[in-house]
Amino acid sequence: MAGTAFGQGRGITEGGTLDRVGGEEALASAIEASDALLLDFDGVLADSEPVFRRAWNHALSPWGHTIGKNDYWNYWSSRGEGLEGEIRRRGISGIDVREAACRQREAYLKAVGNGEVSLFPGAVELLRRLDALAGNTGMGYCIASNTSESIIRDILLGNDAPVPMVVGGDGLPKKPSPDIFLKAASLLGAAPSRSLVAEDSWKGVKAAFTGGFRSILVLNPLNRDLCIESDFTVSGLEGLIRSLPELPSVRI
């Protein structure tokens, strides 16, 4: 879809039925020709969105407000509207935004510390395969996420997963701004045009498009009912792993 403005042939709608899975051969060729692969964390590697939602519902409990599953995924996680968007969309008044954000962060950090955030099936294998590819082919990879780098590292370590280079959202404009991806590509010495981004959300695909990256939409149980248009689509991390170049000497 090169040359197509985001929102014109690219975007997000609810209830899509298009069969978007496939094209793994084309993706495999694209990966082999790329210098870098950038991975979103929440919703791609980590099954963290349900934990985020629980933390926000805990945070908003003093004001008697709860966020439904579909609303959270669509408006909070995928679109990135956050609490401000919830207040605006629902016409809510009286919530102390700063206090709610502090309560949410405290609840989420407690959940991370308790080991409540798991990785998706295939996440550890994917990271190990990418480590091997980096060593054998020079293709760089990096986790690039709105989430704080320290939280990402804690979750990876808590799940006995490799910890690669991480660019978190600390001090950078968050997606759908492309800044996080641009910084990650720069650290890897890769041009956006020769890098791929694996994402699960509208805001992430939008950030990739704006930054000049091609995107891989990784389908998960939360985003399957949304038509988020991307350059490539895979069903879970297994589809992404199948698209990686083969390295016979790799031990997983």
key: Structure-derived percent of Cα pairs over 28 Å apart: which label, when the choices are [x] 30; [y] 41; [z] 34   = [x]
query = Under a 5 Å amide H to amide H cut-off, with H placed in plane at 1.01 Å, what residues pair with S215 once short-range neighbours are removed?
reply = V197, D231, F232
request  = Evaluate the charge dipole of segment 49-113 about its Cα centre and quote only its size in Debye, nearest 20, assuming +1 on the Cβ of each Lys and Arg and -1 on the Cβ of each Asp and Glu.
outcome  = 100
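Provide W76, W202 in ascending order of the number of other Cβ atoms located within 10 Å of each residue's Cβ, fewest first.
W76, W202
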remark   = Checked segment 106-252 against the a/c 1.5 cut and the a/b vs b/c comparison, axes a ≥ b ≥ c from its Cα gyration tensor; verdict rounded
query = Using mean Cβ contacts within 10 Å as the protection proxy, how do 231-242, 85-96 order, highest first?
reply = 231-242, 85-96
task = Give the percent of DSSP beta bridges with both residues in the chain that are antiparallel, rounded to the nearest 5.
result = 20
remark   = A correct Karplus calculation of ³J(HN,Hα) over segment 188-195, with 6.51 cos²θ - 1.76 cosθ + 1.60, θ = phi - 60°, whole Hz and x for Gly and Pro, returns 8, x, 10, 6, x, 5, 10, 10
request  = For L39, list long-range residues whose amide hydrogen, built 1.01 Å from N in the peptide plane, is under 5 Å from its own amide hydrogen.
outcome  = C142, I143, A144, A198
Under the Karplus curve 6.51 cos²θ - 1.76 cosθ + 1.60, θ = phi - 60°, whole-Hz ³J(HN,Hα) for segment 128-138, x wherever Gly or Pro sits = 5, 5, 5, 4, 5, 5, 4, x, 9, 10, x
key: Cα gyration tensor category, rounded, prolate or oblate, for segment 49-113 with a/c compared to 1.5   = oblate
ask   = Whole-Hz Karplus ³J(HN,Hα) for segment 24-39, in order, using 6.51 cos²θ - 1.76 cosθ + 1.60 and θ = phi - 60°, x for Gly and Pro?
value = 5, 5, 5, 5, 4, 5, 5, 5, 4, 8, 9, 9, 7, 10, 9, 10
inquiry  = 5 Å is the cut-off here: which amide hydrogens, built 1.01 Å from N in the peptide plane, fall below it relative to F120, excluding neighbours closer than 5 in sequence?
reply    = A46, D47
query = So what's the angle, to the nearest 10 degrees on a 0 to 90 scale, between helix 202-211 and the longest Cα principal axis of the chain?
reply = 50
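Only the coordinates and a few stated rules stand behind these numbers; no lab work does. Everything numeric in this text was worked out from a predicted model, so none of it was measured. Cβ: placed from backbone, ideal geometry, glycine included. Neighbour counts: every protein chain shown.
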